[in-house]
Amino acid sequence: KNSITSSAEKMAEADYFFKPIGDIRGYGQLWAHVADAQFGQCSGAKGVANPRQGQPSFEALTSKADVQKAVADSFAFCDDAFSSLTEASANEMISNGRGGQQTRAAALLGVLQHGSEMYGIGTVYLRLKGQIPPTTELFMRGRGAPGGGRGGEGRGR
């Protein structure tokens, strides 16, 4: 959540819809896609209708602020699906949205997996624009810091 939110904030407005090559999503469309997906995935995990059903894709948004709001709204929608998960509810079988069944935990793991994949793609966009991805910034801040942090003394990474 923090990595995606930070990434959605990081790119300058002028470069927000930058496409590295041809017919792929622009940077802002990548995060809009995450917001669309999270509404779809978390509605299934919550056992409720997707509140975005029948509405235009967030990928049609044209401003950084609107994309950031869509991302924030999608995380707010998903937060209680994660926070209310119990051992019993994690193992409940729910529809996977493709005619099959999966556990609620597997559905929520899919949210995390998809977000991580999109974050990884977004890091390439940032690098191409000379930006340092948020998780790399955190890693670099930990180097040599008193008390360690990732990449601290003796790690050689």
Check your understanding: Build a GNM of the chain with springs between Cα atoms under 10 Å: which of Asp36, Asp79, Asp23 gets the top mean-square fluctuation?
Key -> Asp23
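For Lys1, Lys64, write out the residues from largest to smallest accessible area, computed with a 1.4 angstrom probe and no ligands counted.
So the residues, ranked largest to smallest area, are Lys1, Lys64.
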Exercise for review: Evaluate the relative contact order of the chain (contact order divided by residue number), counting alpha-carbon pairs under 8 angstrom at least 6 apart; express in whole percent.
Suggested key: 24
Practice item. Apply 1/(1 + (r/R0)^6) to the Cβ-Cβ distance of Asn91 and Met140, taking R0 = 30 Å, and write down the FRET efficiency to the nearest 0.05. Key: 0.15
**Study point:** With eigenvalues of the C-alpha gyration tensor scaled by 5 and rooted, the range 1-48, Å
**Key:** 25, 14, 7
Check your understanding: Based on DSSP H assignment, which helices of the chain show an axial Cα extent of at least 30 Å together with a mean Kyte-Doolittle hydropathy greater than or equal to -1.0?
Key -> 104-128
**Study point:** Approximate spin-label separation Gln53-Ser116, in nm, with each point projected 7 Å along Cα-to-Cβ
**Key:** 3.0
Check your understanding: Any idea what log10 I(q)/I(0) is at q = 0.10, 0.19, 0.22 Å⁻¹ for the range 36-130, Debye with uniform C-alpha scatterers and no solvent?
Key -> -0.31, -0.97, -1.18
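The values are calculated or read from the model by the stated rules, or taken from the named source; none is laboratory data. The structure displayed is predicted, hence computed values, not measured ones. Virtual Cβ from ideal backbone geometry, glycine too; neighbours counted across all protein chains shown. Ligands, DNA and RNA are stripped out before the accessible areas are found, and what is left, the full protein with its side chains, is counted by its heavy atoms. Shrake-Rupley method; radii C 1.70, N 1.55, O 1.52, S 1.80 Å.
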